[in-house]
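The values are calculated or read from the model by the stated rules, or taken from the named source; none is laboratory data. Fair warning: this is a prediction, and the values are worked out from it, not measured in the lab. Cβ coordinates were reconstructed from backbone atoms using ideal geometry, including for glycine residues, and neighbour counts include every protein chain displayed.
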Amino acid sequence: MLSDALMDPKGTLARLLDRLQAPFALASRVYVSWVFLKSAYLKVSDWDSTVALFEYEYRVPLLTPQLAAIAGTAGELIFPTLLILGLFGRVSALGLQAVNVLAVISYAHVLFQSGFAAAIGQHYLWGYILLVLALYGPGAWSLDHWLQGRRGH
């Protein structure tokens, strides 16, 4: 019966969904990482403009504009690269989550204005994906999984 196949935890649907976990985790890692890597590329491509943005537009607490530009760009380069590889996947997802939260905080004066619902919605989406990856890990198609298997766990 169809209902038995759908309700059985070891049934056809469950096996199919289990097989989709690894590619879904990889797609999630690549999608959210690509967003931040593109942002880092833009920052590196025109460093003077990047520093100017951190001086006059972004409001990063506690850091000088130059240090904030360096830290933000480094976070947008390092964490997404590690996340795509699935290396230190949970830590990388949390690190990228911190970059995302800091971006919202430093640009809140714009993001929370009327007319910017889609922009802040993107940050919420990225935050949700990163939270799922931090909680569930990078999946079977990751260096973390491969290294864990090599250690015999």
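Do we find a residue being closer than 27 Å to ASP18 by Cα, of a type in the set (Lys, Arg) and in contact (Cβ under 8 Å) with a residue 24 or more places away in the chain anywhere in region 42-52? No, region 42-52 contains no residue that is closer than 27 Å to ASP18 by Cα, of a type in the set (Lys, Arg) and in contact (Cβ under 8 Å) with a residue 24 or more places away in the chain.
Can you work out which of the residues in region 83-135 that are of a type in the set (Ser, Thr, Tyr) and part of a helix (DSSP H, G or I) is modelled with the lowest pLDDT? The selected residue is SER106. When THR73, THR64 are checked against the criterion of being polar (S, T, N, Q) and without any contact (Cβ under 8 Å) to a residue 24 or more places away in the chain, a single residue qualifies: THR64. All conditions in (1) under 20 Å from the mean Cα position of the chain (by Cα); (2) surrounded by 15 or more Cβ atoms within 10 Å (Cβ to Cβ) hold for VAL30, with the sole exception of (2). TYR58 passes every criterion in (1) under 21 Å from ILE120 (Cα atoms); (2) within 14 Å of the chain's Cα centre (by Cα) apart from (2).
Close contacts from region 13-29, counting a first residue that is modelled with pLDDT under 95 and a second that is surrounded by 12 or more Cβ atoms within 10 Å (Cβ to Cβ) and not aliphatic (A, V, I, L, M), with Cβ to Cβ under 7 Å and a gap of 6+ residues or different chains, come to ALA14/ASP8. Which one is farthest from the chain's Cα centre (by Cα) among residues in region 93-139 that are buried (at least 16 other Cβ atoms within 10 Å of the Cβ) and more than 26 Å from ILE70 (Cβ to Cβ)? Residue satisfying both the conditions and the ranking: GLY139. For the residues VAL60, VAL51, VAL30, VAL110, the requirement of being among the aliphatic types (A, V, I, L, M) and closer than 26 Å to TRP146 by Cβ singles out VAL30. Taken together, the residues in region 93-145 that are among the small types (Gly, Ala, Ser), farther than 18 Å from GLU76 by Cβ and free of Cβ contacts under 8 Å to residues at least 40 places away in the same chain amount to 5. Is there a residue in region 66-75 that is buried (at least 17 other Cβ atoms within 10 Å of the Cβ), in contact with a helix residue (DSSP H, G or I) (Cβ under 8 Å, 6 or more places away or on another chain) and under 30 Å from ARG19 (Cα atoms)? There is no residue in region 66-75 that is buried (at least 17 other Cβ atoms within 10 Å of the Cβ), in contact with a helix residue (DSSP H, G or I) (Cβ under 8 Å, 6 or more places away or on another chain) and under 30 Å from ARG19 (Cα atoms).
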